[in-house]
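The values are calculated or read from the model by the stated rules, or taken from the named source; none is laboratory data. Small disclaimer: the values here were computed from a predicted structure and weren't measured. Please note: Cβ atoms are built from the backbone with ideal geometry, for glycine as well, and neighbour counts cover all protein chains shown. We work out accessible area using only protein heavy atoms, side chains counted, and drop any ligands, DNA or RNA first. Shrake-Rupley method; radii C 1.70, N 1.55, O 1.52, S 1.80 Å.
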Amino acid sequence: VAINKIDKPDADIQRVKNELLQYELVSEDLGGDIIVVPVSALKRQNLDKLEEAILLLADMGELKANYKAVASGAVIESKIDKGQGVAATILVQRGTLRLGDLVVAGESFGRVKRMVNDKAIDVREVYPSEPVEIFGLDRAPFAGDQFDVVQTEKQARDITEYRARKAKDQRVSVIQRSSLEDLFHKASGTSSLKELPVI
């Protein structure tokens, strides 16, 4: 865990460590197994220690990814750029993403027209653990969406339509619509409702 902005005068590292306990993340100094590194990105403080901690965990956990597989990963963020269209920052977790690949990300899809790495350099291939900004999707995906490379445009359309239907069904099941009769019944005094939401 990287605790950022430690250069601020009101930074309280111990408070953050205590708040991590709510999520069952116990730092090493409190007897747990979570490495906590306080960093300041602005002043470039302890970034080398963070990198060492990441490399140590990757080595101990034998974390490896198959770079020969079909690319997949996660969307970090997305935006709509007026000049270039939809731009999505993704993290490749498996396989190699290449220029021209057909990508499905959440409910959006498209062919990768351009890829820009974290140093603002155009690249043609991206390997596992590398973040990259891609252009060419039809709409902006949500942060946290899974992205996958597919072979045909029919596959891409089928997957996005299925995901859109599934998301719509979830939204409908969460929101229960009240009819006018239900509202009158609640307002009549026979129910225990004390407030009536009215728009």
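I want to confirm something. Restricting to the stretch 39-64 and keeping residues that are within 22 Å of residue 93 (Cβ to Cβ) and of a type in the set (Gly, Ala, Ser), which single residue is surrounded by the most Cβ atoms within 10 Å (Cβ to Cβ)? Step by step, filter the stretch 39-64, then rank; the result is 53. One residue stands out in the stretch 12-38 among those that are touching a Ser or Thr at 6+ places or on another chain (Cβ under 9 Å) and either in a helix (DSSP H, G or I) or of a type in the set (Gly, Ala, Ser) (or both): the one that is surrounded by the most Cβ atoms within 10 Å (Cβ to Cβ), namely 17. When only residues in the stretch 113-126 that are under 19 Å from the mean Cα position of the chain (by Cα) and open to solvent by 10 Å² or more (accessible area, probe 1.4 Å) count, which is modelled with the lowest pLDDT? Selected residue: 118. Looking only at the stretch 95-110, residues that are surrounded by 16 or more Cβ atoms within 10 Å (Cβ to Cβ) and either modelled with pLDDT under 90 or not in a loop (DSSP other than H, G, I, E, B) (or both) come to 11 in all. Pairs are defined by a Cβ separation below 6 Å, a sequence spacing of at least 6 or placement on different chains, a first member in the stretch 139-159 that is open to solvent by 70 Å² or more (accessible area, probe 1.4 Å), and a second member that is at pLDDT below 90; the pairs so defined are 142/106.
Could you look through the stretch 65-94, keep only residues that are among the small types (Gly, Ala, Ser) and either in a loop (DSSP other than H, G, I, E, B) or touching a residue at least 60 places away in the same chain (Cβ under 8 Å) (or both), and pick out the one that is surrounded by the fewest Cβ atoms within 10 Å (Cβ to Cβ)? The residue in question is 83. Scanning the stretch 39-59 for residues that are under 16 Å from residue 4 (Cα atoms), part of a helix (DSSP H, G or I) and either modelled with pLDDT under 90 or within 23 Å of the chain's Cα centre (by Cα) (or both) yields a count of 5.
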